[in-house]
1. Please pick out the residue among E40, E79 that is exposed (fewer than 14 other Cβ atoms within 10 Å of the Cβ) and under 20 Å from the mean Cα position of the chain (by Cα).
2. Report yes if some residue within the stretch 108-121 is in a helix (DSSP H, G or I) and of a type outside the set (A, V, I, L, M); otherwise report no.
3. Spot the failing condition for K51; the list is (1) modelled with pLDDT of 90 or more; (2) assigned to a helix (DSSP H, G or I); (3) surrounded by 14 or more Cβ atoms within 10 Å (Cβ to Cβ), and only one is missed.
4. If you go through the stretch 72-103, how many residues are in contact (Cβ under 8 Å) with a residue 12 or more places away in the chain and more than 20 Å from G163 (Cβ to Cβ)?
5. Which of the residues that make up the stretch 170-194 are open to solvent by less than 50 Å² (accessible area, probe 1.4 Å) and over 18 Å from K19 (Cα atoms)?
6. Please determine, by comparing only the residues of the stretch 111-169 that are among the hydroxyl-bearing types (S, T, Y) and in contact (Cβ under 8 Å) with a residue 24 or more places away in the chain, which one is most open to solvent (accessible area, probe 1.4 Å).
7. Would a scan of the stretch 63-71 turn up a residue that is more than 13 Å from H92 (Cα to Cα), in contact (Cβ under 8 Å) with a residue 60 or more places away in the chain and assigned to a helix (DSSP H, G or I)?
8. List the residue pairs whose Cβ atoms are under 9 Å apart, where the first residue sits in the stretch 30-47 and is free of Cβ contacts under 8 Å to residues at least 24 places away in the same chain and of a type in the set (A, V, I, L, M), the second is open to solvent by less than 10 Å² (accessible area, probe 1.4 Å) and not in a helix (DSSP H, G or I), and the two are 6 or more positions apart or on different chains.
Amino acid sequence: MALIGLTGGISTGKSTVSKIIRSLGIPIIDADVLAREAVEPGTNAHKLIVKEFGTKVLLDPENLNSGLNRELLGAIIFENEEKRRLLNKCVHQYVFRSMTLLLMKYLLSGHTCIVLDVPLLFETKTDRMCSATIVVDCNESTQLERLMKRDGFTEEEARKRIGAQMSTEEKKSLATYVIDNNHDLENTKAQVLALFQRRILWSRPAQLQLVYQLCLVAMLFSILFL
C-alpha cells in the first residue's frame, strides 16, 4: 500500500500530473476541491471567515448566505501574512476532516495506492503521513508564462505570486521524486507511468500501520472535536 503526496509550485503542471494519475484508476484526494467545498455558504468555515474578515469579503455584503468574493479575499491575504494565517486557521481544520474521511473510505475499499494532492503539502507537514512524495517542476520562464496566461497577471504580479510560496527548489529538496514538466505531455506522462506502473512508489510499506493509526486518530479527532 502507498499513500503518495503530490505537490508543486503554482502553474508548474500539478493538475496535469494529477489527471494522468487519475486516468490510471488511482484515487486522488484534492485539497483544493475540499477547500472550495469547505467554504460554501452555510458551512462553519464560511461563517468563521465572515466573522473574522467581515461581510466585505462576500459577493453580496448584504446577504450573509452569499458566496465569498475570492478575488478580494485573495488580495487581502496575499498582502498580509497574518491574514493569510487567519484564513488558513478558518479553513484547514475542515479540509483536514474531509480529507481524513475520504482517506478512510479509500483504505477500507481496498485501494493499494492513494494520492493526496495538496498545494501546501510540506508547509502543513502532511508529507509526514505519506510513504513517498512527488513534486512537479518546470523552469521559471515556463512557470511565469503559464501563470500570466492562465490568470491574466502581469509579469510583476506573477513573480509576486510565485515568490509568496515555498520555492520549488526547496520542495524538490524535500521530495522523494520529481516530475520534470518542462517538455511535452507525452514526456510527462511517461515519467508518471514509470513511477506508478512499476510501483516504484511502494518503497516504504513499513509505514502502512502508521498510516492506518494516523488516519484513525485523525478521523476520531475530526468527528469528536470539529
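The values are calculated or read from the model by the stated rules, or taken from the named source; none is laboratory data. Bear in mind the structure is a predicted one, so any value in this text is a computation, not a measurement. Because the Cβ atoms are built from the backbone with ideal geometry, glycine has one as well, and the counts that use them run over all protein chains shown. When the accessible area is computed, the model is the full protein with side chains, heavy atoms only, and any ligands, DNA or RNA have been set aside. Shrake-Rupley method; radii C 1.70, N 1.55, O 1.52, S 1.80 Å.
1. When all the criteria are applied, what remains is E40.
2. no
3. Of (1) modelled with pLDDT of 90 or more; (2) assigned to a helix (DSSP H, G or I); (3) surrounded by 14 or more Cβ atoms within 10 Å (Cβ to Cβ), only one is false for K51: (3).
4. 16
5. Passing the criteria: K171, A175.
6. T112
7. Within the stretch 63-71, not a single residue is more than 13 Å from H92 (Cα to Cα), in contact (Cβ under 8 Å) with a residue 60 or more places away in the chain and assigned to a helix (DSSP H, G or I).
8. Qualifying pairs under 9 Å: V33/D117.
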